[in-house]
């Protein structure tokens, strides 16, 4: 492409983004909103997040039905074009009925806002999953791409182009079913050409014909799916650079690299979907019939895959939607990019760096009210945290329960045993870090004693300990690989835990509040005494301000992280494994968690 012409195209493509302004999208909301036409009242609940044009809240009707309400402040609709865009979004979205499309139930308005009542997708989106995992396995990618393609096939058959397929618009339900959402840029091919040459979309996912202001077709969605597949398998967008001009040049010149670690079938499909010429890109049915999509695809995925790689190779009962035989050793290892893990010290250093950057702002941090939703980021709420714990390390183990209802124990010989919430599937990691997976009906003889101990810990925690922000238990999943406890620290003021997915948690003894920090999301969650969650990005706390309650606890957490980093991890200093019966010890009223000597006491 001629350099001068290329430069003009890039500048023209960037113009709409340079004109964009930061809007205050937070609506003024009463505690109860009313759909006057239907005479239905909704109680406004938790803040779910916000975008460039709307805010989203969980709302509940009188019958207990829960919705995600996308709310647009009418002050933002004074521009005729903005009002028309919203009208088109509602008109298109409310007519859609598909298992992989977010359902819009209805829309209404009052004097201040327009409300769109949507299906609640409680597991957020692929954007959060990718931030936590970086790259995922090829079976997982097939699972998500298949559902995305099925949704787009449905849309394309209706002559609808989504035009903003990206990780953040691919939502996940509680059962890990993918749903395509946000139809703010969608258009119908049959309804004239007035918006079919708009430069619209998200920079890393925009097709070259969009940048060139050529007529759009459904193939812009295929291009975006190719970008999504690339991000999921590689961990970064194919054309991403630090400079938007250069990103657009790379898109126009079809300049990107595919890591050799991916399978040949994955590479071929990505290349096909990212063809520079729209006519050379496959349609949805061709994608579904491609060699890559005919590989092993799990029928469902566990919630744990939001933070950790599933256990396809170890599962004796892994289901498949494909008739093609599955070779576990080959399949799971087919994407080494998904196998990367971090040591505890790497997570601790990253946590320290993020906290230090915030605290360095000092008095320049603007004080904010804890109940101010405008600076919160609920999408970054942690997936796992410690809900209960039992310190019996002087004799046996440190046992704990995670928020999903699963249990774990880190024994004094440095081995770990974890049981899922349904109490059916186990994962065992020996002192050398080698993992084994099995069911409750067939566990190995060499760990029967540890299973007996774990059940004793569970019995004690079930009957004696208070829950800490515990979610309802979910169905167990044979594919799950749950995060495990890496290390912990007890002080006079708090108990702190580091999980294998990088999550660091402080439970404060005085007011029973909790602080949970995720270095992968760059976010911190404060659970107040009423068990209400307040989640913030460190970047928002730094630039927009922070509640005092958050800052003081972050400062304390930083000291705890420092102690963990400079001291040998408590588990490494534990005594040898003791084979005495734990049941007998408990029955004799021997030292219980609240009266044992802490494994580590630091005067901070």
>> Filter segment 211-233 down to the residues that are more than 16 Å from residue 149 (Cα to Cα), touching a helix residue (DSSP H, G or I) at 6+ places or on another chain (Cβ under 8 Å) and surrounded by fewer than 23 Cβ atoms within 10 Å (Cβ to Cβ) and list them by number.
In response: 211, 212, 213, 215
> From 469, 405, which residue is under 23 Å from the mean Cα position of the chain (by Cα), in a loop (DSSP other than H, G, I, E, B) and modelled with pLDDT of 90 or more?
Replying inline: 405
> Restricting attention to segment 47-61, does a residue exist that is more than 25 Å from residue 374 (Cβ to Cβ), surrounded by fewer than 20 Cβ atoms within 10 Å (Cβ to Cβ) and without any contact (Cβ under 8 Å) to a residue 24 or more places away in the chain?
Replying inline: yes
> Going by the conditions given, is residue 503 closer than 26 Å to residue 344 by Cβ, modelled with pLDDT of 95 or more, crowded, with 21+ Cβ neighbours inside 10 Å and not assigned by TED's automatic domain parsing to the domain that holds residue 300?
Replying inline: yes
>> I need a count of the residues in segment 408-425 that are within 18 Å of residue 487 (Cβ to Cβ) and assigned to a strand (DSSP E or B).
In response: 7
> Among the residues of segment 235-243, is there at least one that is more than 28 Å from the chain's Cα centre (by Cα) and either at pLDDT below 95 or surrounded by fewer than 16 Cβ atoms within 10 Å (Cβ to Cβ) (or both)?
Replying inline: no
> more than 26 Å from the chain's Cα centre (by Cα), touching a residue at least 24 places away in the same chain (Cβ under 8 Å) and surrounded by fewer than 17 Cβ atoms within 10 Å (Cβ to Cβ): does that describe residue 73?
Replying inline: no
> Name the residues in segment 104-160 that are surrounded by fewer than 23 Cβ atoms within 10 Å (Cβ to Cβ) and in a loop (DSSP other than H, G, I, E, B), would you?
Replying inline: 110, 111, 112, 119, 120, 121, 122, 123, 124, 134, 158, 159
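The values are calculated or read from the model by the stated rules, or taken from the named source; none is laboratory data. Quick caveat, the model's predicted, so the values are computed rather than measured. Neighbour counts are summed over all protein chains in view; Cβ atoms, including those assigned to glycine, are modelled from backbone coordinates with ideal geometry.
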